[in-house]
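Reading through the C-alpha cells given below for one structure.
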Amino acid sequence: MLPLEGVRVLDLSRVLAGPYATMVLADLGADVLKVEHPERGDDTRHWGPPFAGGESAYFLSVNRNKRSVGLDLKDSGDLERVKSLAAGADVLIENWRRGALEKLGLGHEALREANPGLIYCSITGFGPGPDQDRPGYDFLVQARGGIMAITGQPDGGPTKVGVAISDIVCGLYASNAVLAALHRRSVTGEGARLEVPLFESTLGWLANRGQEFLVGGVDTGLIGNAHPSIVPYQTFEASDKPLVVAVGNDTQFANLCRAIGRPELAGDERYATNPDRVANREELVAELQKEFGKRTADEWTGEIRGAGVPCGPVNTLADVFRDEHVLGSGMLQALDHPSAGTIELLASPLLVDGARLPIRRPPPTLGQHTKGAEWESG
C-alpha cells in the first residue's frame, strides 16, 4: 500500500509548479484527476519539439500517475462536474490568477461549504503584499529573486538555472504543505487554506548565499562553479573534460594533495585550513589545475575517490543515461503509453520500505478519463 492511497487530489493547475506538486502526491499513491480544457489541454502539451506520439516531452516529464479529465470551466455543465468532484476531494491544487476561481464558484470559501475537510492549495506568483496580483513566471522570478545574479561565470553574465527550478521548488513546497495539512486533518478533522507563492519560494532557497548577505552584506556575485566559502570545491579541467572536486574539510584536502602527488600543499601555511584556502584561492587553484590537466577525468576520479575525496566528471545527458548507477537504480522505467507507444520515464526518487515508487499510469492523453470520471474508492 502506497502512503497516500485513498487520498483524492483535484488538480486545477497547469504548466509546471502545480503539476509537479500533484505528481509528487500521485507518485505517493494519491488518485489525481487533472482537469484540462477539452481542446487546448495543459499549455505544456504544446511545448516542443520533441514529441512522442503527439505528446511533448515537457508534458510527459511532470504528469505521470495522473488521470486527465477534459472539462471547460466556462461551460455550466462542465463547471458543475468540477464542483461535484471538488465535493469529494481531499485536496485541490490550483494556480489560476488570484480571484479567478472565486468568480466561478470554485474558491475555497464556496467549496468548503460542501466539503469542510477540503485542503485547498493555491500556487500564486507573489504572496500578500504590493505585487500580490502579479502573475509569476519562473524565468522572471529567477531574475528578480537573485538566482540569476549568483549563477554564471565571472567573465560572463547572469544565467538562469538549466531547468525551471523556481517552479520545481515551489511545487515541492506545495506538496510538503499539503502533506502537513493532511496530517493535521487526521488529528483535528479540519481542512486548510494553503498558499504557496513562486517568488517567496525562490527566496526560501537562497540558503547560504542569502544569509551571507543578511549577516555581513556579502554579495560575491557570479563565481561560476566555485563555492564562496569552501576551497577547493569547484570544477577543474582534466586533459579531456571538466572534473568536479568537492573538498569539505582539512582532512579531505590533505588526502587530495597526496592523491595528486602534491602532499606539500597540505603543509603550506597558506592552505592549512579552509579559511586560509579561501583567502588564497587563486594561488591554490592554479597549483591544483597544473596537476589535473595531466590526466583524464576518469583517471583522476578513480584516484581521488580512492583517497576518500568526493570527485566526479561533469556528465552530459548522454553520460547520465548510461551511468551504471542510473541504469541500476530503478529511476528509469519503461511503460506503454496510449499514443506514444513504449516510452522511458524518470520515476520518483523516493523509496518507501526500500522500494522505488512505481509509475502506475503513464502521463494521460488529453481527456483520456473524461467519460464517467469519478473518484477511485478510498
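Results, tabulated for the structure shown:
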| read-out | value |
| --- | --- |
| Complete set of residues in region 186-199 that are part of a helix (DSSP H, G or I) and in contact with a strand residue (DSSP E or B) (Cβ under 9 Å, 6 or more places away or on another chain) | L198, F199 |
| Residues of region 107-136 that turn out to be over 28 Å from the mean Cα position of the chain (by Cα) and surrounded by 13 or more Cβ atoms within 10 Å (Cβ to Cβ), as a count | 5 |
| Residue match in region 274-293 (condition: farther than 21 Å from A238 by Cβ and surrounded by fewer than 13 Cβ atoms within 10 Å (Cβ to Cβ)) | yes |
| Condition check for I359: assigned to a loop (DSSP other than H, G, I, E, B) and not aromatic (F, W, Y) | yes |
| Answer residue from region 320-377, given it is surrounded by 13 or more Cβ atoms within 10 Å (Cβ to Cβ) and of a type in the set (G, A, S) and is farthest from K83 (Cα to Cα) among those | S329 |
| Residue under evaluation P228, criteria (1) at pLDDT 95 or above; (2) part of a loop (DSSP other than H, G, I, E, B), criterion not met | (1) |
| Out of R185, R262, sole residue that is touching a Gly at 6+ places or on another chain (Cβ under 7 Å) and on the phi < 0 side of the Ramachandran plot | R185 |
| Some residue of region 77-90 being closer than 20 Å to L345 by Cβ and in contact with a strand residue (DSSP E or B) (Cβ under 6 Å, 6 or more places away or on another chain) | no |
| Residue within region 336-344 that is of a type in the set (D, E) and either part of a loop (DSSP other than H, G, I, E, B) or closer than 22 Å to N225 by Cβ (or both) present | no |
| Residues (at pLDDT below 95 and over 21 Å from the mean Cα position of the chain (by Cα)) located in region 307-318 | G312, P313 |
| Selection count, region 231-263, where residues are within 19 Å of P154 (Cβ to Cβ) and loosely packed, with under 15 Cβ neighbours inside 10 Å | 1 |
| Within region 307-326, tally of residues that are of a type in the set (G, A, S) and in a loop (DSSP other than H, G, I, E, B) | 2 |
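The values are calculated or read from the model by the stated rules, or taken from the named source; none is laboratory data. Keep in mind that what you see is a predicted model, and the values were worked out from it rather than measured. With ideal geometry, Cβ positions are generated from the backbone for all residues, glycine too; neighbour counts draw on all protein chains shown.
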